[in-house]
1. Give the whole-number value, in cubic angstrom per residue, of the convex hull volume spanned by the C-alpha atoms of the stretch 372-428.
2. Highest mean first, what order results for 396-405, 176-185 on Cβ atoms within 10 Å?
3. Need the full-extension length gain, L172 to Q464, defined as separation in residues times 0.36 nm minus the C-alpha distance. One decimal, nm.
4. How much area per residue is accessible in the stretch 28-116 when the probe is 1.4 Å and only protein heavy atoms are counted (Å²)?
5. How compact and how long is the stretch 392-488, expressed as Rg and Dmax of its alpha-carbon atoms in Å?
6. Just how large is the dipole of the stretch 77-172 about the Cα centre, in debye to the nearest 20, putting +1 at every Lys and Arg Cβ and -1 at every Asp and Glu Cβ?
7. Could you tell me the calculated FRET efficiency between T481 and L348, based on Cβ-Cβ distance and R0 = 41 angstrom, to the nearest 0.05?
8. Which of the peptides 468-476, 480-488 is most tightly packed, and how do the rest follow, judged by the mean count of other Cβ atoms within 10 Å per residue?
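The values are calculated or read from the model by the stated rules, or taken from the named source; none is laboratory data. Not measured: the values here are computed from a predicted model. Heads up, the Cβs are rebuilt from the backbone with ideal geometry, glycines too, and the neighbour counts pull from every protein chain shown. Calculation scope for accessible area: heavy atoms of the full protein, side chains included, ligands and nucleic acids excluded. Shrake-Rupley method; radii C 1.70, N 1.55, O 1.52, S 1.80 Å.
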Amino acid sequence: MKVAIVGAGLAGLVSIKSCKEEGLEATCFELTPYIGGLWAARRGDAGVSAVYDHLITNFNKEMMSFSDYPMPAHYPTYLPKKMFHDYVMSYCERFDLEKDIKLQHEVTNVQQSEDYSESGCWDVTVTRLFPVGDETVEETMRFDAVMICVGAYAYPHMPEIPGLQRFKGRVLHSQDYTNSSEFDARERVLVVGNSHSGCDIATDLCHRLSKREKVMDQVSNHMIAQISDSLTEEERTAAHFIAHSTKQVLGVEKPPVYMSSRSGVDILKRNYGKPVGLSVSFATDDLRLCFPSLFQRLLRWQVGSGFDFKKYGLNSPITKPGRSPFAINDDFYDYLMKGMVKAVPEVLEVSDNSVTLSGGEELEVDGLIMATGYDIHLPMVCTEVINVDSFKLYKHIWPVNSQRGTLAVIGLFKVAGSSPMILELQARCAVQVFKGGFKLPSCDVMESTTKAYRPNAGDHVKVQFISYVRDLAKCVGCLPTFGAYWTQPLKWFRVYFGSAFPYIFRLVGPGSCEESWDRLVTARSRIHASPEEIRIAEARRKKRNDNIFVGLILTATAALYITLWGFSLYFTWKSLKFGWSCIRSLFDSLKTLYASFSK
């Protein structure tokens, strides 16, 4: 079975891997000359999004790992952009995925074949972007199935604010933001939007430098590098401190970074006693379903509702966490309290060099950064298959009018959780449908059970992390159940109440592997520990397992001994009773005989 995969980002790579795992022939077409999607993309590439330089993963490395390829032990708990891309490329190399990827090939059209109703096949038109001679090459190929893996971050959404086109300063989307060096320290910058990217960019802009500071920074670093060989470590540290202090004294006073938002925002730090994500489990998901009010109170307590939002100009988050915007940032509250970031209301209108806020206040600004999300757009798919005005995807993967289920859309979701885990399960689920391991319901059933969502205004479909993951795993057949572990209750206790690491979905079903249980058990230790600590912990765990095994043998031996001893006592008692009854019978007989002689 031949499968076409559009895009070689995270979604495309896990799709190739899932196809190869099940024996399908995959061919991946990538628009850019590199692998890794937005983690590898460079600024300025047309139609391509790239993450900003200082981005750090929001969830710990074990939650961000692929289910059959854990991150190296020496990686930090949270990964910067480059390190995560290195991990993605090592995953690609480990499973030999690169040979199935055709770079600089643009998929321009995906439409049903003439015999689609019988075969379920698709005609895919591909344009090779590197020219042969003076012309590009266009080719139409036939595939048994297609997986659209372009992701949800390709088409930035620009809000329609009156007067925005008249603004004389810089206007850019968060997609085009690289780092704080793009702005001068004197520039007044307003960030529109308060989700992940909005908070990250606002805090990063607090470190912007003036032109004088940039020159001083370059000169001081150059001078220290020239004489660094003759300096001790203490002298080198002192030289950097003096240069930094001089730069601060001669620097300029920075205006605050303004951040505009319409609604409240829940902001978590990456560590609130333990890394974000460790409290997510099957048990907490069932708690949310069974006792929603109690769950919301626990979540609000965990998020920390003691922060006075109104005092710093922020709208309070609405009562239920998860319904208001959600962001993870370690510095935002600190910078807000220090006055380096200032929250302002919604922007109603833009003029030449200022904006008008919802409260009537006018704010002079030199630059606008729109952290307003992305639109959903799939220009390569014909409108008869996916309606551009109202997306309807069954289980957020299959178009509801897909009669054969041979077209799958991977990665169009928004979740407060681990994206790699969901992408991998979506791909595995789609492959099971292609193979016939999981059958889709009728189009009418899919239509009636699927909610439509708008492709514009950044309104991506939102999913509940663990509930959606469990639903996908059930379709794949890799969801551990109590029935699979009824003879091993301790293992089931760990699966159900422990952190929902991706290795759980390699314990049973298709693609299961023996190493998954060890990876699951040792995942928490790998988050914090050094390689040496992990080696010691694994040695202790093995020793503990050996001790448990010896203990079980001793317990079984003792139980057998007690059982045999009990049986022996029982039969001994029976024997004594029988002997005593014989003695009594003999005594009674002698007594009767003696009485007869006496007469």
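1. Details: hull volume 5.9 nm³, N = 57.
So the per-residue hull volume is 103 Å³.
2. On the way: 396-405: 20.5, 176-185: 17.9.
Descending packing order for the listed peptides: 396-405, 176-185.
3. Length gained between L172 and Q464: 102.0 nm.
4. Values: 3780 Å² over 89 residues.
Normalised by residue count, the accessible surface of the stretch 28-116 is 42 Å².
5. Over the stretch 392-488's Cα set, Rg and Dmax evaluate to 14.2, 51 Å.
6. Details: 10 positive and 16 negative charges, 213 e Å.
For this selection, approximately 1020 debye.
7. Working: r = 53 Å, r/R0 = 1.30.
So the FRET efficiency works out to roughly 0.15.
8. 468-476, 480-488
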